[in-house]
1. Return yes when residue 509 is at pLDDT 70 or above and either polar (S, T, N, Q) or under 41 Å from the mean Cα position of the chain (by Cα) (or both) and no when it is not.
2. Which of the residues that make up segment 97-148 are aliphatic (A, V, I, L, M) and either under 30 Å from residue 261 (Cβ atoms) or surrounded by fewer than 11 Cβ atoms within 10 Å (Cβ to Cβ) (or both)?
3. Let me spell it out: the conditions are (1) assigned to a helix (DSSP H, G or I); (2) of a type outside the set (Asp, Glu); (3) farther than 30 Å from residue 128 by Cα, and residue 267 meets all of them except one. Which number is the exception?
4. Show the residue pairs meeting these rules: Cβ distance below 7 Å; 6+ apart or different chains; first residue within segment 420-438 and on the phi < 0 side of the Ramachandran plot; second residue acidic (Asp, Glu) and part of a helix (DSSP H, G or I).
5. Pairs, please: C-beta under 6 Å, at least 6 apart or cross-chain, first residue over 16 Å from residue 237 (Cβ atoms) and in a helix (DSSP H, G or I) and in segment 100-129, second among the β-branched types (Val, Ile, Thr) and at pLDDT 90 or above?
6. State all residues of segment 195-233 that are in a helix (DSSP H, G or I), touching a residue at least 12 places away in the same chain (Cβ under 8 Å) and surrounded by fewer than 18 Cβ atoms within 10 Å (Cβ to Cβ); if no residue qualifies, say none.
7. Out of 69, 75, which single residue is over 43 Å from the mean Cα position of the chain (by Cα), at pLDDT 85 or above, within 25 Å of residue 223 (Cα to Cα) and not assigned by TED's automatic domain parsing to the domain that holds residue 461?
8. Filtering segment 641-697 down to residues that are farther than 12 Å from residue 713 by Cα and of a type in the set (S, T, N, Q), which residue is modelled with the lowest pLDDT?
Amino acid sequence: MKKIFPFAAALLFACAFVRPAGAVDALSVVTGGAEPAEGVASADQTAAKDEIPQPYVPSAADAEACNKRLAEVERLFAEWEHLTTDEAAARFGVTAEDVTRRIETLTLLKNAYPRIINAISRKKQDDADLARQKGDTSSPELSLNDKPPYKLSYYDSYIGNLDDIRKQIDDAKESLARFDSYAAASQKLVEEREASWRLARDNYQKDQNQKTSWQLQGAAYLLESARTQLILDGFEKERAATALAKYELQYQRRGYLQKYIRENLDLSAEGFAAQIAALNAEIKKLEDSRPALNRQLKQAEAAAETAEMRYAAVADDKDKGAAQLEMSYRTAERDRYRLQLEQLQETLVLYAERKRLWTLRYDLGRGAVDETTIPAVVKNMNAEIKTLENNLLDVQKDLLSLQSRQSAISKMLDSEMTEAKYLPGLKKYSSAVQASIDSCLSYTAAVISLSAQERAFVGELQETYKTVSTFDKIHAFWKTHAATLLNTELWQSGGYAVRLKEFLIALAIIVFGTWGARKLVHMFSWVVGKYFKFDETSRRTFDRFVFYLAGIAIFLTALHIVGIPLTAFAFLGGAVAIAIGFGAQNMFKNLMGGILLTLNRPFRIGDVIEVAGVSGTVTDLGVRSTLIRTFDEKEVVVPNSQLLDNQLINWSLSDALLRVSVDFGVEYGTPAKKVKDVVLRIADANPKILKNPAPWVYFADFGDSELNFSLYFWVNQKIASGMKVSSELREAIQEVFAQEGLRMAYPHMDVSISSAGEKQRTSQSQNL
């Protein structure tokens, strides 16, 4: 059997107790006489000898208490390290898994207390640092080594530093949010384990034995572990909050320095000329290197071509490896010079962009930039930054490929399997690839540098734009964007161009005019309907037709006001004709159907109709379709053409009465008269069934296994639904039949069985 950890025996000692009368409670040894949880009375408060001690409550501020608790646990571990897991399980009446879980819990405690002690010390240091920063009242500019005026390059270094602090602030905010969620989860775990401990305590009080004692002690350890984790999460949360406060103070101080340096920049013509001269010198240096690179490229191309021909001409396999290596080296040299020339040209473009950037920055600093044009400049700068990022991605792909090739060459150079004769060629090959890698790295650094400068300049522009008045911003936007947009031509037709401005005005007139017309037409139709005594169906139809006429009038009026002739929509004529010919036939058919239904009036709103397999109450009669609410509360839209083309049954044309039937069957031998009496009694008891005409029962037929009956009754459709009343009657018939001893019929069949020697017929019933 394996030995448990040194601390396992301590657990067993603390948990191995049977509590006889007058004995000392073993839990007091483990809990260490700790203070109880808030709201729970302690043993010294009640002065009761047999009071169950509370779980240990770790301190988040007292390092000495945490050290005492840690020393106690470690002492108990050292005293009982000789016990084995199986021995402990047998001794205390638990399983080996119970012992293992207890050990794991105590391990967490043993590791938690040193972390709490360190966190207490660290918090004191963090608080002291934050207090020192808050108490620093010295002028930030005194920390600068250089004196004004400052160069733009010096200013750029502080911009980069400020960006780094801003990233640290964002990271601290994320950490604070993360540890806040951790603390919430730990608090929930503490509450759950407090409930588990109370349950174990109640079980121990009911039956004090070895098992319940073990369970109570385990619950105490789990609760203590959860509390230590809550304390640690709280420390991490506080540390993140302190770090955030420190970074914000640094950001504030650096922001002040950035502003101070910016106000004291050297923006003289001499300074600008010196900066441009330095850039021109770099450009000239690059231009001067171009002829040499071109010569080297031609030589490398010729050497690569020669190497390829030699490799193709080699017939001996022994010499083929060396020839192939030579060809690879020459090809790498050729690719190296090609890459350097491409990057040279791209670097020249970068320097040209840098010159333009420095010019803009000097103009901005001198106030020579129209502030209303800043949004357009920022937009262009962001597009250029995006282009630089794409270039950087392409270079990184090339760099990864070259580094992978270099890694393979290095493995061959380091391998003992590589023949000595190949080593010089491999070294030259490696040197050529490394030169390409260095070129890519140099170009990458240039791209990153320019991208950082452009990002910094965008930040400067945005800060400057914040000081521009709102009126100037609106004016600039209108002048540069809105005015041009409103004069955009949407289409031309009939010698007339429709512009966005005119179209929007016409659209506004149509929208608001239609809204006002809806209100006026509704009032007009109500007055007319009241005067001519229209019913609801006629009033709604009249309302719709008047509204459609008003809509056409509003549309034509809007076009006339903004000066858009109808000829401007001539291009739509062919499309409309095609739409009518192929897609709008049904629409006009339904429209005519609505007119005919309005004139003939085969039904009204509120009538119960049946058409094309749809039954229900008419709730609305439109120009194109009719809305029917079925008996199961579904809204069905029926095209008006179907109402004309199909047979239509109006159940309430003359009155609202509807006859409904319910079919049912009973077993043979059931008295028919009794069935009729019971069913009529059920019908009379339902208040929704009309008494006049009175319901009646019809003996329909002799079925195969049942006597068939039908109940007929009438309902007022405006008051009750025939489908719902039928359902209620079926439920009542089933219930009353069971009470009266009347059995509903069920299917059965006769089975005849014949044997080979004799004929025998047996009749039996079988449920289907």
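The values are calculated or read from the model by the stated rules, or taken from the named source; none is laboratory data. Since the model is a prediction, treat every value here as computed from it, not as a measurement. For neighbour counting, all protein chains shown are included, and Cβ atoms are generated from backbone atoms with ideal geometry for every residue, glycine included.
1. Yes, satisfied.
2. 128, 130, 131, 142, 144
3. Condition (1) is where residue 267 drops out.
4. Filtered contacts from segment 420-438: 425/326; 432/333; 436/335.
5. 112/228
6. Answer for segment 195-233, where residues must be in a helix (DSSP H, G or I), touching a residue at least 12 places away in the same chain (Cβ under 8 Å) and surrounded by fewer than 18 Cβ atoms within 10 Å (Cβ to Cβ): 196, 199, 203, 205, 210, 211.
7. 69
8. Selected residue: 654.
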